[in-house]
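Remarks on the structure that follows.
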Amino acid sequence: MSPAPIRVITVDDEPFALQRISRLVREEPSLSLVAECSSAASAIESICELRPQVVFLDVQMPEVDGFGVLDAFQGPTLPWVVFTTAYEEYAVRAFEASAVDYLLKPISQERFSAAVGKLKTAANSVGTSNARSGLDASRYERILIKTDGKFVMLDPGQVERISAAGNYAIVYAAGKSYIIRETMTRIQCRVDPRRFFRVNRSEIVNLSFVQELEPTCHGEYSITTIFGTKVTLTRTYRDALQRMLSMTRSGTRV
């Protein structure tokens, strides 16, 4: 039985460069393109949401560069990275960041194939079942938050949901609410993706507490938790949930 394709996200703010690297990925049977991102912000969100094994990452981007994208992740949540750039001077820093490879634009088929070979070697070295999946269970045993000037350790199993509130977020856990100053994207990177899912731009829900999932309109769903809380699963995140879980509820494909 052949191994599953390596899941890939491509990132580049230049449309033609993004098209080029994405086409190379699509044409490689051992790779599976799960998302294309044209900015650092969308890259961080997609990595958190889709948990790819590999990111082909442009170095120079406005506002936040490729190294800034990596700074948003640590340890087991960090996918393998192949940097892409038109400038050689970033090579040393790229390998200091533990990049698998460093591709100079315009990227040739030969050079791309060599990078894929390195990725296959890396995947085989750890086993294809868990290669850079970002799902190290020990990492998610507790959720550390800072609220009211003190640190609190939360049991993930008691966290019902997390809601955005302007520049803050509210964590609902064990009948209490905690206000923290952190973005939803950063929080999403710190919680277990097998348990928590971002259902819209403002809500992350613990799937263990979901009681009902009811279609509404325009392809959206109404989620009801066991505590009676109702939140909306929007079309954008519905598709991501379908890809992640391939789940079916009450005969209705999500």
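Key figures for this structure:
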| quantity | calculated |
| --- | --- |
| Residue, surrounded by the most Cβ atoms within 10 Å (Cβ to Cβ), within region 18-36, restricted to residues that are within 15 Å of ALA115 (Cβ to Cβ) and in contact with an Asp or Glu (Cβ under 8 Å, 6 or more places away or on another chain) | ILE21 |
| Flag for SER2 being among the hydroxyl-bearing types (Ser, Thr, Tyr), surrounded by fewer than 23 Cβ atoms within 10 Å (Cβ to Cβ) and closer than 26 Å to ARG190 by Cβ | no |
| Condition broken by SER39, with the remaining ones in (1) under 23 Å from PRO5 (Cβ atoms); (2) of a type in the set (S, T, N, Q); (3) surrounded by 16 or more Cβ atoms within 10 Å (Cβ to Cβ) satisfied | (1) |
| All positions within region 194-222 that are within 16 Å of TYR172 (Cα to Cα) and not aromatic (Phe, Trp, Tyr) | ARG195, ARG198, VAL199, SER202, GLU203, ILE204, VAL205, ASN206, LEU207, SER208, VAL210 |
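One line per residue, one yes/no per condition, for (1) over 20 Å from PHE95 (Cα atoms); (2) touching a Pro at 6+ places or on another chain (Cβ under 9 Å):
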| residue | (1), (2) |
| --- | --- |
| ALA35 | yes, yes |
| SER39 | yes, yes |
| ARG51 | yes, yes |
| VAL54 | no, yes |
| PRO62 | yes, no |
| ASP65 | no, no |
| VAL69 | no, no |
| ALA72 | no, no |
| LEU78 | no, no |
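Table: residues versus (1) touching a strand residue (DSSP E or B) at 6+ places or on another chain (Cβ under 7 Å); (2) not aliphatic (A, V, I, L, M).
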{"site": "ARG7", "(1), (2)": "yes, yes"}
{"site": "SER30", "(1), (2)": "yes, yes"}
{"site": "LEU50", "(1), (2)": "yes, no"}
{"site": "ASP58", "(1), (2)": "yes, yes"}
{"site": "MET61", "(1), (2)": "no, no"}
{"site": "ALA72", "(1), (2)": "no, no"}
{"site": "LEU78", "(1), (2)": "no, no"}
{"site": "PHE83", "(1), (2)": "yes, yes"}
{"site": "VAL100", "(1), (2)": "yes, no"}
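FYI, it's all coordinate maths here, none of it is from the lab. The structure presented is a predicted model; accordingly, all values stated were derived computationally and were not measured. No Cβ is skipped: glycine too gets one built from the backbone with ideal geometry, and neighbour counts run over all protein chains shown.
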